[in-house]
1. Suppose we keep just the DSSP beta bridges with both residues in the stretch 1-101; what percent of those would be antiparallel, to 5?
2. Projected onto the charge dipole of the stretch 167-209 (+1 at Lys/Arg Cβ, -1 at Asp/Glu Cβ, origin at the Cα centre), which of Ile205, Ile181, Val167 gives the Cα projection farthest towards the positive end?
3. Taking the chain as a Gaussian network, where each spring joins two C-alpha atoms under 10 Å apart, which residue of Met184, Met66, Met84 fluctuates the most?
4. Tally up the carbon and sulfur contribution to the accessible surface of the stretch 1-80 as a whole percent, 1.4 Å probe, everything protein left in place.
5. Can you sort His14, His9, His106 by 1.4 Å-probe accessible area, starting with the largest?
6. Considering just Cα atoms, how many Å³ per residue does the convex hull of the stretch 124-209 enclose?
7. When the chain is treated as a GNM, springs tying every alpha-carbon pair under 10 Å, which of Val130, Val75, Val25 comes out with the largest mean-square fluctuation?
8. With no solvent and one equal point scatterer placed on each C-alpha of the stretch 1-122, evaluate the Debye formula and give log10 I(q)/I(0) for q = 0.10, 0.17, 0.21, 0.22 Å⁻¹, two decimals.
Amino acid sequence: MSKVVIFDHPLITHKVSIMRDKNTVSKDFRQLLQEISLLMGYEVTRDLPLTDVEIETPICKTTQKMLAGRSIGVVPILRAGLGMVDGILTLVPTAKVGHIGCYRDHKTAQPVEYYCKLPADAEEREIIVVDPMLATGGSAIMAINFIKAKGVKNIKFMCLIAAPEGVKALQEAHPDVDIYIAAMDERLNENKYIVPGLGDAGDRIFGTK
Ligand code: PRP
Ligand code: URA
């Protein structure tokens, strides 16, 4: 079964609480999401493989370690996942970015896929799928199905807020995908929104409501 990492760092907890506040405006919401993504990215990238390289310092020749080969691809689930990309790119500027378009039908809460474009060498990279909200898990499961269908084997999922229902569904569907969560919430409501959550992440990032 996959690993589930729930962050308990006070900086992350503090920033998530500000994001939950309905009076937090889109500009601040976006900034906080980017900051949290960077902080989470530090941990998500902890096990990236290193390789020996020969370099010459001003003092002598030496063997040191650097990231091995092609390292990371970031794949946001559109729209809201876009808000988590820049934080990871700040840490790993050479990461490539793919996109998966997927929205929840408002009546059925079922995910509908509308776009998929991955880096050409995606199967050689560790792919970090990002989306602020893991509610029923339907969107994440569908996105990861598409990514696996392109031959990618090494996948992690990173979100801001998760419901226990979504974590369970994602673990059952993709037991090989580790899940990184800034805050684990109580449950889903009758509209499949996370409680207490932060509302509709896409609308809050892009000011569309
Ligand atoms: C939100 C969120 C996730 C999905 C989570 O996107 O960003 O992608 O819902 O819900 P699930 O776990 O039940 O699938 P939404 O469908 O609102 O699309 P948007 O990002 O375009 O607003
Ligand atoms: N999507 C969101 O944006 N928020 C939720 O609470 C659930 C799904």
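The values are calculated or read from the model by the stated rules, or taken from the named source; none is laboratory data. Note that the structure is predicted; figures quoted are calculated from it, not measured. Every residue, glycine among them, receives a Cβ derived from its backbone with ideal geometry; neighbour counts consider all protein chains shown. The accessibility values were calculated without ligands, DNA or RNA, using every heavy atom of the protein model including side chains. Shrake-Rupley method; radii C 1.70, N 1.55, O 1.52, S 1.80 Å.
1. 65
2. Selected residue: Ile205.
3. Met66
4. In the stretch 1-80, the share of accessible area belonging to carbon and sulfur is 55 percent.
5. Putting His14, His9, His106 in descending order of accessible area: His106, His14, His9.
6. 99
7. Highest fluctuation of the listed residues: Val25.
8. Treating every Cα as an identical point scatterer, log10 I(q)/I(0) equals -0.46, -1.08, -1.30, -1.33.
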